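Colleague: Take this structure first; my questions come after.
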Amino acid sequence: MFEELSARAHTILQETYSVKDVVVRWRRPTERNFGDLSTSAPLQLAKSLGKKPREIAEELAKGLKGFKGVERVEIAGAGYVNVWLEPASLLAELSSAVSACSPLPVRKKEKPVLIDYSGPNIAKPLGVHHILSTVIGQVLANIHQHLGYPVIGVNYIGNWGTQFGKLAVALKKWGKKPAAACSVDELLELYVRFHNEAEKDPALDDEARAAFQRLESGDKELEQFLQDVTKVTMADIEIIYQRLHVKINEVRGEYHYRNAMGPIIEEGKEKGIFTKGEEGALVVQFPEELNLPTSVVLKGDGATVYLTRDLAAVRDRIETWHPQVMLYVVDVSQMLHLQQVFATCKLLGWDLPQLEHIVFGRMRFADKSMSTRKGNILKLSEVLDEAVKRADAVIGEHGESIQTDDRSALAEMMGVGGVVYGILSQNRKMDIVFDWKKALALEGNSAPYLQYTHARARSVLRKAELKKEAALPKKSGPLSAAERTLIGTLLEFPDALTEACAQRMPHTLTNYLYALCQDFNAFYNADPILKAESAARTLRLALTSLTATVLQTGAELLTLRVPDRM
Ligand code: ARG
């Protein structure tokens, strides 16, 4: 229908002004009572046609009046044309929103989209800031998958590097049990102790360096130690992933590349890309126009670095999965690092897929409620527990108005969802300011509001005792303003998904869902649903049902869960 309307508008302009190749864009007016679709084409064309915008608008309006599916046409402002569609054509269009609720089948022949996300560091508890990469990455994976892309999620865990030399030394000196029996907190304690002691006794650093050297030359005992430490940490992190509904298909971390770096070093040397730098290090220098500082690929003592491993990972991913694009969901502090990685791959002459840094800012709390105690990381698990506690208090405060038969499940959903949504609803390119009050409020752009609205819609459907999903009617009498607005917003669902995907911006989807909640609640307050006469009741139940499904689909893509009752 929308396409037919566009085509019709083209024809009118072509016939009236004998112009070719005009583009008439229709969009939904921000003012909801300005119709279903609007175009500013007359304003854009006025100059080239040498006509007044209003004159062109009148021609367009005249030609569109009475066109199939058009209910009403109006000219507005200096040269806008606003169109109201007939209920039947709006309802027909809604099938696109219905289909957008089901995932598209995977296009198996297409090259996959590879997403590098989460990437926790081993031997440390997951810190709160790690939630950003984890959930932003998971949402991008979910949306791509929903839209039919083959997706490879990769967890590039940090389990190689000089810090493990330190940890090995610390464990040997002060550890009371083998690595496999330590908790993650105990591992962190050992690491912190190493740093404190090394300040007094720098010889410890040499020991650590030597230990890492042994690790890099394949010392079996140390490798076992590293595997144990990885296992212990990942078991802990897995619990958090489950709470967050995060599932990453592949774990290939830095350890995985311990033997793959050698050949790349050789290749770089042969190609003259890696050259001798200061203090015996091997470095890569970038062409001046890139404006990137020289980077070490091998230290003077022969130790590899973070960059070396990322190079090996790029190579391996290309050979293993042949991705069309690799998305690195990594915080802004690693911008330079990734630029250097990407640039080095190009210098090496590799045949590369598109490489994209999906950058995000730092997270901080709006109040000082949760600041890092000195020397400690603020643990994500603690923040999630705190969120659930606060969500439970919100439930308590609302007394009778929140109904649930499983309060702890609801608090978990609201609390964890509140934190996740509070992050995802912000433009990731900015610093993320997390505000407890906003995140857990039942009103506003928050998870609890979305969850509440979903439960409200489901409750209406329960009361109607429908056997299955309420199907959309083919036609309807005149639409109320609230119905028309709700339909218009439901119609935007497919575009909200494709836009969030193309721009890799989860907040496009949260903004959309927030608008849908507002429009549904306005409709719920304005129009009786269960008590409406038969035809209106059928339509309104169908809209309620579709709203619930869209909210649930959207929420799950955002890793949230929504209750049926609340
Ligand atoms: N482990 C890193 C960190 O915690 C994130 C890994 C990012 N991915 C990558 N390929 N470098 O900061």
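The values are calculated or read from the model by the stated rules, or taken from the named source; none is laboratory data. None of the values given here were measured: they were computed from a predicted structure. For neighbour counting, all protein chains shown are included, and Cβ atoms are generated from backbone atoms with ideal geometry for every residue, glycine included.
Colleague: With Asn159, Asn121 as the choices, which residue is under 24 Å from Asp316 (Cβ atoms) and surrounded by fewer than 21 Cβ atoms within 10 Å (Cβ to Cβ)?
Modeller: Sole residue among the options that is under 24 Å from Asp316 (Cβ atoms) and surrounded by fewer than 21 Cβ atoms within 10 Å (Cβ to Cβ): Asn121.
Colleague: Of all residues in segment 257-292 being of a type outside the set (Lys, Arg) and touching a Phe, Trp or Tyr at 6+ places or on another chain (Cβ under 8 Å), which is farthest from Ser217 (Cα to Cα)?
Modeller: Selected residue: Leu292.
Colleague: Here is a follow-up. Need the failing condition index for Ser118 against (1) out of contact with any Lys or Arg (no Cβ under 8 Å at 6 or more places or on another chain); (2) in a helix (DSSP H, G or I), just the number.
Modeller: (2)
Colleague: So in segment 508-543, with the set limited to residues that are among the β-branched types (Val, Ile, Thr) and within 25 Å of Leu104 (Cβ to Cβ), which one is surrounded by the fewest Cβ atoms within 10 Å (Cβ to Cβ)?
Modeller: Checked segment 508-543; the qualifying residue surrounded by the fewest Cβ atoms within 10 Å (Cβ to Cβ) is Thr508.
Colleague: Taking into account only those residues within segment 274-313 that are within 11 Å of the ligand (Cβ to nearest atom) and surrounded by fewer than 21 Cβ atoms within 10 Å (Cβ to Cβ), which is farthest from Gln354 (Cα to Cα)?
Modeller: For segment 274-313, the residue satisfying everything is Tyr306.
Colleague: Just to verify a result, which residue in segment 316-353, among those that are within 14 Å of the ligand (Cβ to nearest atom), in a helix (DSSP H, G or I) and not hydrophobic (A, V, I, L, M, F, W, C), is surrounded by the fewest Cβ atoms within 10 Å (Cβ to Cβ)?
Modeller: In this case the residue turns out to be Ser333.
Colleague: Also, quick follow-up: Filter segment 211-248 down to the residues that are among the aliphatic types (A, V, I, L, M), exposed (fewer than 14 other Cβ atoms within 10 Å of the Cβ) and touching a residue at least 12 places away in the same chain (Cβ under 8 Å) and list them by number.
Modeller: Within segment 211-248, just Ile239 meets the criteria.
Listed here are the residues, each with its yes/no results for (1) touching a Gly at 6+ places or on another chain (Cβ under 8 Å); (2) away from the ligand (no atom under 15 Å from the Cβ); (3) farther than 20 Å from Glu254 by Cα; (4) not aromatic (Phe, Trp, Tyr).
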{"position": "Pro120", "(1), (2), (3), (4)": "yes, no, no, yes"}
{"position": "Ile152", "(1), (2), (3), (4)": "no, no, no, yes"}
{"position": "Pro178", "(1), (2), (3), (4)": "no, yes, yes, yes"}
{"position": "Cys182", "(1), (2), (3), (4)": "yes, yes, yes, yes"}
{"position": "His195", "(1), (2), (3), (4)": "no, yes, yes, yes"}
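Colleague: Here is a follow-up. Is it the case, given these coordinates, that Arg390 is in a helix (DSSP H, G or I), surrounded by 15 or more Cβ atoms within 10 Å (Cβ to Cβ), over 21 Å from the mean Cα position of the chain (by Cα) and within 14 Å of the ligand (Cβ to nearest atom)?
Modeller: Taking the combined requirement at face value, the residue does not satisfy it.
Okay, residues lined up against (1) assigned to a helix (DSSP H, G or I); (2) free of Cβ contacts under 8 Å to residues at least 12 places away in the same chain; (3) in contact with a Cys (Cβ under 8 Å, 6 or more places away or on another chain):
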| site | (1), (2), (3) |
| --- | --- |
| Arg428 | no, no, no |
| Arg458 | yes, no, no |
| Leu461 | yes, no, no |
| Leu479 | no, no, no |
| Ala482 | yes, no, no |
| Thr489 | yes, no, no |
| Asp495 | yes, yes, no |
| Ala500 | yes, no, no |
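Colleague: Within segment 87-110, is even one residue more than 16 Å from the ligand (Cβ to nearest atom), buried (at least 18 other Cβ atoms within 10 Å of the Cβ), modelled with pLDDT of 95 or more and more than 31 Å from the chain's Cα centre (by Cα)?
Modeller: Yes - at least one qualifying residue is present in segment 87-110.
Colleague: Of the residues in segment 47-94, how many are of a type in the set (S, T, N, Q) and assigned to a strand (DSSP E or B)?
Modeller: Matching residues across segment 47-94 total 1.
Colleague: Now, a different point. Could you figure out which of (1) touching a residue at least 12 places away in the same chain (Cβ under 8 Å); (2) over 20 Å from Trp84 (Cβ atoms); (3) assigned to a helix (DSSP H, G or I) isn't true of Gln14?
Modeller: Of the numbered conditions (1) touching a residue at least 12 places away in the same chain (Cβ under 8 Å); (2) over 20 Å from Trp84 (Cβ atoms); (3) assigned to a helix (DSSP H, G or I), the odd one out for Gln14 is (1).
Colleague: Return the pairs, sorted by first residue and then second, in which the second residue is within 12 Å of the ligand (Cβ to nearest atom) and in a strand (DSSP E or B), the first residue lies in segment 117-135 and is hydroxyl-bearing (Ser, Thr, Tyr), the beta carbons are less than 7 Å apart, and the residues are 6+ apart or on different chains.
Modeller: What qualifies is Tyr117/Val329; Ser118/Asn155; Ser133/Val329; Ser133/Val330; Ser133/Asp331.
Colleague: So, in segment 35-48, exactly how many residues are crowded, with 18+ Cβ neighbours inside 10 Å and either over 30 Å from Glu483 (Cβ atoms) or aromatic (Phe, Trp, Tyr) (or both)?
Modeller: Count: 2.
Colleague: Criterion first (modelled with pLDDT of 95 or more and within 16 Å of the ligand (Cβ to nearest atom)) does Val135 satisfy it?
Modeller: So Val135 passes the test.
Colleague: While we're here: For segment 121-162: of the residues being in a strand (DSSP E or B) and of a type in the set (S, T, N, Q), which is farthest from His322 (Cα to Cα)?
Modeller: Asn121
Colleague: Within the bounds of segment 397-410, is there any residue that is of a type outside the set (D, E, K, R), touching an Asp or Glu at 6+ places or on another chain (Cβ under 6 Å), buried (at least 17 other Cβ atoms within 10 Å of the Cβ) and part of a helix (DSSP H, G or I)?
Modeller: No, segment 397-410 contains no residue that is of a type outside the set (D, E, K, R), touching an Asp or Glu at 6+ places or on another chain (Cβ under 6 Å), buried (at least 17 other Cβ atoms within 10 Å of the Cβ) and part of a helix (DSSP H, G or I).
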